[in-house]
Amino acid sequence: MSSSAQKHDVFQAIADPTRREVLRLLAEKERPISEISSHFSVSRTAIVKHLQVLSEAELVSGRKVGREKIYRLQPEPLTELKQWLSYYEKFWENKLSILKHLVEEKEDSGIKLLNQTDRK
């Protein structure tokens, strides 16, 4: 990679909805640029630029077949994203567990209060 080329990380690469859709298409099967472009209202040039960002993040790779370039998904770098999301998944599970406990505790207190009121 030349010094003028900018390396994109996985998070930058998936930040754009068009690139996420390209990844989804490539998860189904390898596709040439022409087929990928046909799914979008943007120009082929724009799709090529998106594919370049995805390539720099090592999320896709392309190979020449005749006059076309065929792209395929390389999902390995998504492991970094999965690990990052895993932390927040645990964070929210913990928060929701605490909330559930508080709500159940409040409900139990309310039921006890109602039962005490009914006895009087």
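Here are the numbers for the structure shown:
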read-out	value
Residue in the stretch 1-17 that is out of contact with any Phe, Trp or Tyr (no Cβ under 7 Å at 6 or more places or on another chain), surrounded by 11 or more Cβ atoms within 10 Å (Cβ to Cβ) and without any contact (Cβ under 8 Å) to a residue 12 or more places away in the chain present	yes
Filter pass, ARG67 being touching a Lys or Arg at 6+ places or on another chain (Cβ under 8 Å), at pLDDT 90 or above and exposed (fewer than 11 other Cβ atoms within 10 Å of the Cβ)	no
Which numbered condition SER34 fails, given (1) in a helix (DSSP H, G or I); (2) more than 13 Å from THR18 (Cβ to Cβ); (3) touching a Gly at 6+ places or on another chain (Cβ under 8 Å)	(3)
Yes/no for GLN83 being of a type outside the set (Asp, Glu), loosely packed, with under 10 Cβ neighbours inside 10 Å and modelled with pLDDT under 80	no
Selection within the stretch 47-99 - under 13 Å from VAL10 (Cα atoms) and among the basic types (Lys, Arg)	LYS82
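The values are calculated or read from the model by the stated rules, or taken from the named source; none is laboratory data. For clarity, every value in this text was computed on a predicted model and none was experimentally measured. Glycine gets a Cβ as well: all are built from the backbone with ideal geometry, and neighbour counts include every protein chain shown.
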